[in-house]
1. Within the stretch 329-349, restricting attention to residues that are within 25 Å of the chain's Cα centre (by Cα) and of a type outside the set (Asp, Glu), which residue is surrounded by the most Cβ atoms within 10 Å (Cβ to Cβ)?
2. Among the residues of the stretch 37-79, write down those that are in contact with a Ser or Thr (Cβ under 8 Å, 6 or more places away or on another chain), part of a loop (DSSP other than H, G, I, E, B) and away from the ligand (no atom under 16 Å from the Cβ).
3. Limited to the stretch 144-164, what total is found for residues that are farther than 16 Å from Gly485 by Cα and either of a type in the set (D, E, K, R) or away from the ligand (no atom under 14 Å from the Cβ) (or both)?
4. So Val187 fits all but one of (1) more than 10 Å from the ligand (Cβ to nearest atom); (2) over 22 Å from the mean Cα position of the chain (by Cα); (3) over 19 Å from Trp476 (Cα atoms); (4) touching a residue at least 24 places away in the same chain (Cβ under 8 Å); what number is the exception?
5. Give just the number: which of (1) within 7 Å of the ligand (Cβ to nearest atom); (2) over 22 Å from the mean Cα position of the chain (by Cα) does Ala28 not satisfy?
6. Mind listing whichever residues of the stretch 130-171 are of a type in the set (Lys, Arg) and under 27 Å from Trp262 (Cβ atoms)?
7. Could you list, in sequence order, all residues of the stretch 459-474 that are surrounded by fewer than 24 Cβ atoms within 10 Å (Cβ to Cβ) and near the ligand (Cβ under 7 Å from one of its atoms)?
8. Scan the stretch 440-458 and give yes if some residue there is within 21 Å of the chain's Cα centre (by Cα), in the same structural domain as Leu21 (by TED's automatic domain parsing), under 24 Å from Pro103 (Cα atoms) and within 8 Å of the ligand (Cβ to nearest atom), otherwise no.
Amino acid sequence: MTEAAGSVFDVVVVGSGSAGLAAAIAAAEGGADTLMIEKNAALGGTSGWSVGSITTSGSPHQERAGIVDGPDRHFADMELFHGDQLRGRDNETLRRLLVDNLPGTFRWLLDVGLVFYGPMPEPPHTVPRMHNVIPNSRALVHHLSRHARRLGVEIRTSCPMEDLVTESGRVTGVVAGGRRIGARRGVILAAGDFSASDPLKRRYLAPEAARVAPFNPDSTGDWHDPAVALGGRIVNGDVVLGPEIRFVPPARETLVRRLPPWLWLARLVRWSIDHAPPRILRPFVMGFLTTALMPSPALYRDGAILINRSGERFTDETVAPWTDMPEQPGGEAFVLMDGALASRYGSWPNFISTAPGIAYAYLGDYRRNRRDIYHEAGSLGGLARALGMDADVLESTVARCNRERAGGERLQLGKAPFVALGPVRAFVVATDGGLAVDGRLRVLGRGDEPVAGLYAAGSTGQGGLLLEGHGHHLGWGFVSGRIAGRNAAADARG
Ligand SMILES: Cc1cc2nc3c(=O)[nH]c(=O)nc-3n(C[C@H](O)[C@H](O)[C@H](O)COP(=O)(O)OP(=O)(O)OC[C@H]3O[C@@H](n4cnc5c(N)ncnc54)[C@H](O)[C@@H]3O)c2cc1C
């Protein structure tokens, strides 16, 4: 295969999420002629779908709030999230790299023009350190891609990497769209996780989790086979964010996601969060919150049930309810509650969903902001008709459930009006298994020797790092991308 004219660069970055954008910028800042390729028509990947939380110590926001914090404390706090299942499985070298580089990386994001609100608390972090981008995560993609272009990064969309090119054991380029693209100094794999690859999920995840659909259908782990063929290996392949039940995203974009990422608007929104009365701000915040979040597990403990499209109950909602979801018609279900439960979930402390640190959404917020998934009727029969179900089936499902609950703690569902929220689906949010890498983000091959010319960042280069809690995945994407970009630009062969 020949290289097309104009298809040799110093550094080729594969993927345009948090890691790819940061890597491309850092490589260009390091003086490398840089190409970033993205398989989709649009940039951003999962990073562009995220809430946009970044958790860091040492931010100007913390300083303004008088919070004393630093990388050592952050390092120690991250372990509090691990629990028995994950204890002892972290890559502490990469955790150190992350917490030490987060404060500088966060300030770099501010310099690029991004605006954050925070710091917000998220126990068991011992101090507030979560920062949320304003107005939404698209601002990350918008500002960073513009910055990359200004630095001379060439960006090609609809350009999927199909393979790596090697010469004498060194990675010297990629094959993309059937053409070879040369990389004199290095290739950086920043192509996300493998939550949308059935074969990889079957290979690495527990069987129940492997059956569950991904949140981002483009996270197909295309990097896996070429990297493994060169001796790369996956660390913590079984660790997964989810599966969990989430409301389906709105068919049409919410107002908040449509907001343009203008700097003045971001500053106005941040000012409003501090100064505007909650009554005025609530619709904004709720447009954000009521997108594709998880219904609170407390709902099920109190008495709500999950019914499938046929009106049947199919699982014990209080024990891993996502397990049986893939087998239901359409792979989806509805959260059913009666009037008593509905009024209980109208105010604190009984919220339907939350984006930690931002706000809580109650049933009324869903009625106002997610009319597409809010269904209410004066009788079970009426609700069944609204949902296209057989009324007899739904009525007998609820009658059976109430008989089983007689005298128990969970509410019997008898009081009108009846409310169904949904559809909900089970999602794998992200897989946390990534390629083994060293502290320079070089991919480790056979005998744990770096594969010459090959780097990995973000989810692709997660290397066994545990990113529990909110705001660490994006943090790692940006930190690891910058380090990989810097090192690839300085790669000895260049
Ligand atoms: C709903 C949701 C909310 C989240 N919220 C947060 C949050 O607030 N904070 C946080 O820290 N984390 C959050 N996460 C997790 C976080 O978004 C991801 O872990 C992170 O964005 C991964 O970044 P990345 O750059 O590694 O991958 P991505 O952002 O997925 O970027 C990878 C890119 O590579 C492209 N690509 C894939 N294969 C190829 C190929 N063969 N050739 C070329 N391009 C390719 C993809 O299309 C994609 O654009 C959230 C996740 C979800 C699903």
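1. Selected residue: Ala333.
2. Correct list: Asp69, Gly70.
3. Residues in the stretch 144-164 being farther than 16 Å from Gly485 by Cα and either of a type in the set (D, E, K, R) or away from the ligand (no atom under 14 Å from the Cβ) (or both): 5 in total.
4. So the condition that Val187 fails would be (3).
5. (1)
6. Arg138, Arg146, Arg149, Arg150, Arg156
7. The one that is surrounded by fewer than 24 Cβ atoms within 10 Å (Cβ to Cβ) and near the ligand (Cβ under 7 Å from one of its atoms): His470.
8. So far as the stretch 440-458 goes, yes, one or more of its residues are within 21 Å of the chain's Cα centre (by Cα), in the same structural domain as Leu21 (by TED's automatic domain parsing), under 24 Å from Pro103 (Cα atoms) and within 8 Å of the ligand (Cβ to nearest atom).
The values are calculated or read from the model by the stated rules, or taken from the named source; none is laboratory data. None of these values were measured; they are calculated from a predicted model. Cβ sites come from the backbone with ideal geometry, for glycine too, and all protein chains shown count toward neighbours.
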